[in-house]
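The values are calculated or read from the model by the stated rules, or taken from the named source; none is laboratory data. Treat the numbers as computed from the prediction; the structure is a model and nothing was measured. Here Cβ is always computed from backbone atoms with ideal geometry, including for glycine, and neighbour counts include all displayed protein chains.
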Amino acid sequence: MNAPQLTDRRARHQRDQSVFHELLRRHADIRREVTEVPNGIRAHTWTDAPDLVPLLHNHAQEMHRRVKEKFGLRFWDPAFAELFAQADKVQMTVNLTENGVEVLETSDDPNVVKLIRAHGATVSAFVREGGRAASQESPLPDDYQRVLG
Ligand code: HEM
C-alpha cells in the first residue's frame, strides 16, 4: 500500500471512530430490533432524534464498505476479527429508512450464520448499554468454529 492510501485509510478510520463514539454516547436515543431469518438476521435500527439519523446512515454504509474491503477494526476483539476474516461469506444489504437503517445479513455457511447472529446481538448490546458493552470482548457461541488462531 502506498503513502496516499495509508493517509486516506487513517482519515477514514478517524471519521468512522468519531461516528461510532457519538452513537455510543447517544445510545439511549437509539432503538433496535433483530429478527432471525433463514441463514441470518434482519436488523432494524432507528431513532427519534433527527440529528442521529445521518450518523446511523453513515455508520451502516461505511461499516458495510469496510466489511467488503476487509478493512478491519477492533482487532483485540475476536468476534470482530472473525467477522472480517469471514467477510467473503457474508451477504449484507443495507436499506436506509427515514429514521434509521434496515439490514439483512445472511450466509450460506452455517458456521458464519452463527457469527452473524452473534454480531447482531453485539450491536444490540452497544445500543442497550453504550460504552460499557463496547469496552468488552463480544461473545461468540461455543460451537462457532474459529478460522483465526
Ligand atoms: C450505539 C452504537 C452503535 C450502533 C447504533 C451501531 C449500529 C450498527 C448497525 C445498524 C450496523 C449494521 C448491521 C446490523 O444492523 O447488525 C452496524 C454494523 C457494524 N458496526 Fe456498528 N453500531 C454501533 C457501534 C459500533 C462500534 C462501537 C463498532 C466498532 C468499534 C461498530 C462496528 C460495526 C461493524 C464492523 C459493523 C459491520 C459488520 C456487520 O454488521 O456485519 N459499531 N452497526
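Structure above, values below:
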{"quantity": "Selected residue (only one of 129, 82 is charged (D, E, K, R), within 12 Å of the ligand (Cβ to nearest atom) and crowded, with 16+ Cβ neighbours inside 10 Å)", "calculated": "82"}
{"quantity": "Selected residue (criterion: farthest from residue 101 (Cα to Cα)) from residues of the range 59-78 that are more than 6 Å from the ligand (Cβ to nearest atom) and in contact with a helix residue (DSSP H, G or I) (Cβ under 6 Å, 6 or more places away or on another chain)", "calculated": "75"}
{"quantity": "Pair list, Cβ < 8 Å and 6+ apart or interchain, from the range 102-123 residues that are more than 11 Å from the ligand (Cβ to nearest atom) to residues that are of a type in the set (Ser, Thr, Tyr)", "calculated": "111/144; 113/106; 113/107; 114/144"}
{"quantity": "Enumeration of residues in the range 132-146 that are near the ligand (Cβ under 10 Å from one of its atoms) and not hydroxyl-bearing (Ser, Thr, Tyr)", "calculated": "133, 134"}
{"quantity": "Condition met for residue 143 (at pLDDT 95 or above, surrounded by fewer than 18 Cβ atoms within 10 Å (Cβ to Cβ) and in contact with an Asp or Glu (Cβ under 7 Å, 6 or more places away or on another chain))", "calculated": "no"}
